[in-house]
Amino acid sequence: PPLGLWQLTCRDRPATVDHVPEVRRYYLGGGDTTALSMFRSKVHDAADQGVYAALASAQESIDVMQVSYSFPLLCGLNHFFQLCTYEHAPRYIVELVDAAEDSGAKARVLVGALPFQGVENSVAVDLLRREVKKRGLEEQVEFRFFDGLVHNKTILVDDEFLIVGSHNFHYSAFGKGRSLTEHSLGLVDPVAVQDFNRLFDYHWERSKQ
């Protein structure tokens, strides 16, 4: 809005700190923890390749909690016209479905349901459910919608390798030449995995199909 409108409704005043900042309450457990920096930008797609490899490596399970889980932008028109099919699926989706089929890994995908991302996510889930049914993978690949607000971008592979960061499963955040810059950490840490499992299971039980 115009600056004048801000001045009518907002005031600038110093803040006071009365608690420990949230970012200082959490830290790696030490010991044998492995943490990998997973960075991507318009020029460098190393994190993209890392996500693909992690999904493809799954032998037992994949748990995904993502605010966005989308096909290309044009596919949003599937709400009105059947423009896209599974053939338009981005690689981060293809690797997950292929892992379920090739190695028998069980995948649970929990995504945001609220606008704006809910519009794109619902198209992706619809197309994926059709593909999963076609391949006979209904018992192995499940999709649910988050009950409430979510902004997570997390992946857990085989209850061992956890990716946490800003990397959305969204067409704007994958692929060389895309403009968004993202950063995640890849962790091999039993404590972090345990914390994530507790969080994921809590929201999975409260989610909507």
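General observations
- Inspection of region 48-64 identifies no residue that is modelled with pLDDT of 90 or more and farther than 30 Å from residue 195 by Cα.
- Counted residues, region 121-146 - those being touching a Ser or Thr at 6+ places or on another chain (Cβ under 8 Å) and among the charged types (D, E, K, R): 1
This table checks each residue for (1) farther than 19 Å from residue 172 by Cα; (2) touching a strand residue (DSSP E or B) at 6+ places or on another chain (Cβ under 9 Å); (3) without any contact (Cβ under 8 Å) to a residue 60 or more places away in the chain; (4) open to solvent by less than 70 Å² (accessible area, probe 1.4 Å).
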position	(1), (2), (3), (4)
41	no, yes, no, yes
51	no, yes, no, yes
87	no, no, yes, no
94	no, no, yes, yes
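The values are calculated or read from the model by the stated rules, or taken from the named source; none is laboratory data. Quantities reported herein were computed from a predicted structural model and do not represent experimental measurements. Quick reminder, even Gly has a Cβ in these numbers, built from the backbone with ideal geometry, and neighbours come from all protein chains shown. All accessible areas refer to the heavy atoms of the entire protein, side chains included, with ligands and DNA or RNA removed. Shrake-Rupley method; radii C 1.70, N 1.55, O 1.52, S 1.80 Å.
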